[in-house]
Amino acid sequence: MTDERLKKTSALRKAMIRPELGALAGVVLVFAFFLIVAGDSGMFAADGIMNWGIVSAQFAIIAVGACLLMIAGEFDLSVGSMIGFAGIIIAILSVQLGWPMWLSIIAAFVVCMSIGALNGILVIKTGLPSFIVTLAFLYILRGMTIFLAVATTRQTIIGGVRDASEGDWIAFIFGGVILKPVFQFLADIGLIDTYVRGTKIGQPVVEGLPMLMVWAIGLIVFGHWLLSRTRFGNWIFASGGDPVAARYVGVPVNRVKITMFVFSAFCATVLATSQVMEFGSAAADRGILKEFEAIICVVIGGALLTGGYGSVVGAALGALIFGVVQQGLFFSGAESSLFRVFLGTILILAVVLNTYIRRMITGER
Amino acid sequence: MTQDTRFHHGHATSRQPLLEMTDIEKHFGPVIALAGVSFDIHPGECHCLLGDNGAGKSTFIKTMAGVHKPTHGSIRFEGKEMKFESPRDAMEAGIATVYQDLAMIPLMSVTRNFWMGREPERGRGIFKSMDFKHANEITMEEMRKMGINLRGPDQAVGTLSGGERQTVAIARAVYFGAKVLILDEPTSALGVRQTAKVLATIDKVRSQGIGVVFITHNVRHSMAVGDRFTVLNRGKTLGTAVRDEITAGELQDLMAGGQELVELEGSLGGTV
Ligand SMILES: Nc1ncnc2c1ncn2[C@@H]1O[C@H](COP(=O)(O)OP(=O)(O)OP(=O)(O)O)[C@@H](O)[C@H]1O
Ligand SMILES: [Mg+2]
């Protein structure tokens, strides 16, 4: 009973109907562009790569959380505020109250993931759109962050974290650098430049692989596996695709959604902790607008704003595009405010493309 | 037929209904949606439930499927008195329902839809993953049995026609061991060819010994596959008829409440 009209589907069209396709094309385009425009600016030398690599990794960490949550049919607009909040909690507990760094970090994770769960429970119980509920937390958390910082230190920036994290292994998991011998070796054989002056003479310009990147790669791999290979992944798609139909066949939709809110909070806290370790300080204004940037990465990556469709690999590619463009504009000496213009433009293009892809999937209906 | 069953109780098991609903009433506050409806379904038969809009068909099958609890009346499944607390209870007992619009998620693949909520797994502990190889094979196989050749198991449900979607949902229910399959207006939104496909599927399912409850407003669709016909009107049954003992015209009359339609027919010149 095959329908002769279906046979015309070409391999090309089949490849088109993948959420990542647009983002992949975007990556190729963006790299080609900056290779031409800024190829000799050091953007593609080891330290240049590390520069945009780290920025991309930062976007990727929160994009993975936002991606799974969006596919499950919800948004979390409190991610950016939570990044600031988590950082301030770590700094207050460790620097001001003298808690050991590992305990402060664990406490920040517990508090933030509980707030993530609260976000989820409120969305489920009130039946309000997550847009509204998490918008409330965007303000609540940012306000709390500034209040706590000022109340304890009279400042919005709390320093001294680096000293407090000396020798702490959990701090290393977030702020450390690994594979140093490998990078030294690469420098010795001339693949990475070395410092030619100063106290670090002879050492590679890129010390090693920052844990921030390890987290990004780890979260991307985990998220991709969870979404595309596991039963829970199928539940994520189902919960976002049609919660009523999913519930009817026994998918625990509420649990799935709440878990994804918690996971989104987890990702935000990972980024916050890494930043605090890297800068050695926490600032109350950190993470502003990050929630939207995460959502844009996810949308560029092919996910539908309405849920039920998307890809973690796509979101990661979206994050890569972001990192490369943001830093590439800097390398090519362009006005950095143009980055925002780029963001807005690419967002529109991505959504238009997504709408088209969805029409193809649902058979032009 | 119902009388008959009662007399043979305990003797011939094949004559014992799979599911027997007796004197079901359902009130929603002041609204009496069902005022004492009796209905039974045997293995391997297609029992059509007909009725005009608002007659109470959906309410009745929702009581059968565990969505509503009856205000009064008894539900016996395989001879045992049942009290379904949720659709899950009814599903576990073997009563599966395919609703017109809630059956499938268009953006997901056929395999993902087919196994939704019951995904097969392999591996251990935290590395447990969904067994796509097995899931894909079974899906393709079950769809072939129902006469649908998929392009591939990863084809999105959205690319299937309405009738094919209905068939995926039916195949899924059958594969997961439904003994009673309730279809709520499966043909109401379909064209001629698609309807024929779904009716053929109903016939296949029935021949496997599953009892099919087929809800429709369309007398011709019901006559095409039905073994017995129960007509609901304003929350009451006007009786159950057996195939060959009733004509389409008589069923049509019953649905519209007899008298009224006769008058209508006069003014429309027999076109209804
Ligand atoms: N949850 C409810 N609360 C109050 N009244 C209800 C509820 N569900 C159904 N009813 C009423 O019960 C009656 C029967 O409705 P039902 O949906 O069962 O009809 P139906 O036979 O399925 O009609 P249709 O052919 O239009 O689908 C209607 O008068 C309806 O308004
Ligand atoms: Mg109905």
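Listing for the model above:
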{"quantity": "Residues of the range A:341-358 satisfying the condition of being away from every other protein chain (no Cβ under 14 Å) and of a type in the set (S, T, N, Q)", "calculated": "A:Thr345"}
{"quantity": "Checklist (1) of a type outside the set (Lys, Arg); (2) away from ligand 2 (no atom under 16 Å from the Cβ); (3) in contact with a Leu (Cβ under 8 Å, 6 or more places away or on another chain) applied to B:Tyr175, failing item", "calculated": "(3)"}
{"quantity": "Residue list for the range B:191-218, restricted to those being more than 14 Å from B:Val98 (Cα to Cα) and within 16 Å of ligand 2 (Cβ to nearest atom)", "calculated": "B:His217, B:Asn218"}
{"quantity": "Residue identified as aromatic (Phe, Trp, Tyr) and more than 14 Å from ligand 2 (Cβ to nearest atom) among B:Phe60, B:Phe39", "calculated": "B:Phe39"}
{"quantity": "Near pairs, Cβ below 7 angstrom, 6+ apart or cross-chain, from the range A:74-95 (free of Cβ contacts under 8 Å to residues at least 24 places away in the same chain) to any residue that is buried (at least 24 other Cβ atoms within 10 Å of the Cβ)", "calculated": "A:Leu93/A:Ser104"}
{"quantity": "Selection count where residues are within 16 Å of ligand 2 (Cβ to nearest atom) and open to solvent by 50 Å² or more (accessible area, probe 1.4 Å), scope the range B:219-235", "calculated": "1"}
{"quantity": "Qualifying residue in the range A:152-173 (condition: in contact (Cβ under 8 Å) with a residue 12 or more places away in the chain, crowded, with 18+ Cβ neighbours inside 10 Å and of a type in the set (Asp, Glu))", "calculated": "yes"}
{"quantity": "Tally, over the range B:139-181, of residues that are farther than 15 Å from B:Val225 by Cβ, within 20 Å of the chain's Cα centre (by Cα), modelled with pLDDT of 85 or more and not in a helix (DSSP H, G or I)", "calculated": "5"}
{"quantity": "Among (1) modelled with pLDDT of 85 or more; (2) open to solvent by less than 50 Å² (accessible area, probe 1.4 Å) - the single one A:Phe44 does not satisfy", "calculated": "(2)"}
{"quantity": "Number of positions in the range B:131-149 that are more than 7 Å from chain A (Cβ to nearest Cβ), of a type in the set (A, V, I, L, M, F, W, C) and open to solvent by less than 20 Å² (accessible area, probe 1.4 Å)", "calculated": "3"}
{"quantity": "Selected residue (criterion: least open to solvent (accessible area, probe 1.4 Å)) from residues of the range B:22-48 that are within 7 Å of ligand 1 (Cβ to nearest atom) and aliphatic (A, V, I, L, M)", "calculated": "B:Ala33"}
{"quantity": "The range A:194-245 - residue that is within 14 Å of chain B (Cβ to nearest Cβ) and of a type in the set (Lys, Arg) and, of those, surrounded by the most Cβ atoms within 10 Å (Cβ to Cβ)", "calculated": "A:Arg231"}
{"quantity": "Residue match in the range A:322-338 (condition: away from every other protein chain (no Cβ under 14 Å), open to solvent by less than 20 Å² (accessible area, probe 1.4 Å) and under 12 Å from the mean Cα position of the chain (by Cα))", "calculated": "yes"}
{"quantity": "Verdict on A:Ile124 being under 17 Å from the mean Cα position of the chain (by Cα) and open to solvent by 20 Å² or more (accessible area, probe 1.4 Å)", "calculated": "no"}
{"quantity": "Residue in the range A:300-320 that is farthest from the other protein chains (Cβ to nearest Cβ), counting only those that are under 22 Å from A:Phe342 (Cα atoms) and surrounded by fewer than 24 Cβ atoms within 10 Å (Cβ to Cβ)", "calculated": "A:Val313"}
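The values are calculated or read from the model by the stated rules, or taken from the named source; none is laboratory data. On a predicted model such as this, the values are computed, not experimentally measured, just so you know. Here Cβ is always computed from backbone atoms with ideal geometry, including for glycine, and neighbour counts include all displayed protein chains. We work out accessible area using only protein heavy atoms, side chains counted, and drop any ligands, DNA or RNA first. Shrake-Rupley method; radii C 1.70, N 1.55, O 1.52, S 1.80 Å.
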